[in-house]
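A quick write-up on the structure given underneath.
The values are calculated or read from the model by the stated rules, or taken from the named source; none is laboratory data. Quick caveat: nothing in here was measured; it's all calculated off a predicted structure. In this analysis, Cβ positions are derived from the backbone assuming ideal geometry, glycine residues included, and neighbour counts consider all displayed protein chains.
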Amino acid sequence: MKCLVFLTFAFFIISLPINAQSNAIEIYNTGRNLEGLGRIQEAETYYNQAVQICNEEIARNNATRNTYTALTWTLLRQRKYSEVIIWGERGLRLFADEFRILETMGEAYFHIDDYSNSLMFMQRYINSLPEGERVSIAYFFVGEIYRLQNKNRLADIAYSTAVRLQPDIALWWYRLGSVREYSGDSSTAADAYERALRLDPNYQAANDGLGRVRRQP
């Protein structure tokens, strides 16, 4: 009988809805980890639960800065960029110093090709939190914007800062190499391409770039 009671209780705990066991940020993080493992459908279940929790908190008028942060993070992972912007604006009206939302807004605007607003939010984040957890990512996006605008010198500065803060991402070194190559700086472009290849020896675009700049007189 005791075993039956224990098993029933254990089943009840396992069967609890996700939002009864964790907060929205924890659920978002679980989804993000699953997405990183390629378990997309499972990740989406957690993302939907996180959004549900946030919407319920907002409806009950007890939303916190974490509510709007988790909501915008989750919607960004779901590629619902317009919704990120809508909820991000609402969150910032209530919590103007919530820097996590600033950076997320910058990413959302980038993905809808609104580079002016993306740059504004990324610069606000960098200026407000120069040692923030995602400041290297913010600099990378600033570099992306300037590269797409053919402002290669400014892109070089932004990418250089990004790789100084977080030197283990091959894509970032490749982007740095590409803007240096376009600017005619073959030697420093080669250095960046080589760093990308040390991180990812199978990075074909970096290998091709290195071959091009090495052939320069």
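Is it fair to say residue 59 is out of contact with any helix residue (DSSP H, G or I) (no Cβ under 9 Å at 6 or more places or on another chain), outside the structural domain of residue 143 (by TED's automatic domain parsing) and within 26 Å of residue 43 (Cα to Cα)? Judged against the criteria, residue 59 is a match.
Just one of the listed residues (136, 118, 186) is crowded, with 21+ Cβ neighbours inside 10 Å and in contact (Cβ under 8 Å) with a residue 12 or more places away in the chain, and it is 118. A count restricted to region 98-141 and to residues that are over 24 Å from residue 83 (Cβ atoms) and either modelled with pLDDT of 95 or more or of a type in the set (D, E, K, R) (or both) stands at 6. For residue 131, the test of being under 22 Å from residue 48 (Cα atoms), free of Cβ contacts under 8 Å to residues at least 12 places away in the same chain and of a type in the set (Asp, Glu) is failed. Residues in region 56-67: is at least one buried (at least 20 other Cβ atoms within 10 Å of the Cβ), modelled with pLDDT of 95 or more and under 30 Å from residue 148 (Cβ atoms)? No - not one qualifying residue is present in region 56-67. Remark: pairs (first residue in region 67-85, free of Cβ contacts under 8 Å to residues at least 12 places away in the same chain; second residue hydrophobic (A, V, I, L, M, F, W, C) and surrounded by 20 or more Cβ atoms within 10 Å (Cβ to Cβ); Cβ separation under 6 Å; 6+ apart in sequence or on different chains) = 83/75.
Is there a residue in region 125-132 that is among the hydrophobic types (A, V, I, L, M, F, W, C), under 30 Å from residue 70 (Cβ atoms) and buried (at least 17 other Cβ atoms within 10 Å of the Cβ)? Yes, the conditions are met somewhere in region 125-132.
The condition of being in the same structural domain as residue 33 (by TED's automatic domain parsing), part of a helix (DSSP H, G or I) and touching a helix residue (DSSP H, G or I) at 6+ places or on another chain (Cβ under 9 Å) holds for residue 50. Of the candidates 98, 83, 103, the single residue that is over 20 Å from residue 135 (Cα atoms) and touching a helix residue (DSSP H, G or I) at 6+ places or on another chain (Cβ under 8 Å) is 83. Contact map, region 92-109: residues that are under 19 Å from residue 136 (Cβ atoms) paired with residues that are assigned to a loop (DSSP other than H, G, I, E, B), Cβ distance under 7 Å, separation 6+ or inter-chain. Pairs shown: 99/129; 99/132; 103/134.
Criterion applied to 99, 110 was being over 23 Å from residue 54 (Cα atoms) and surrounded by fewer than 24 Cβ atoms within 10 Å (Cβ to Cβ), and the one residue passing it is 110. Per the listing 33, 29, 48, 19, the residue uniquely farther than 23 Å from residue 109 by Cβ, modelled with pLDDT under 95 and not aliphatic (A, V, I, L, M) is 19. Kindly indicate whether residue 196 is surrounded by 15 or more Cβ atoms within 10 Å (Cβ to Cβ) and either out of contact with any Leu (no Cβ under 9 Å at 6 or more places or on another chain) or aliphatic (A, V, I, L, M) (or both). Yes; evaluated as a whole, the condition is true for this residue.
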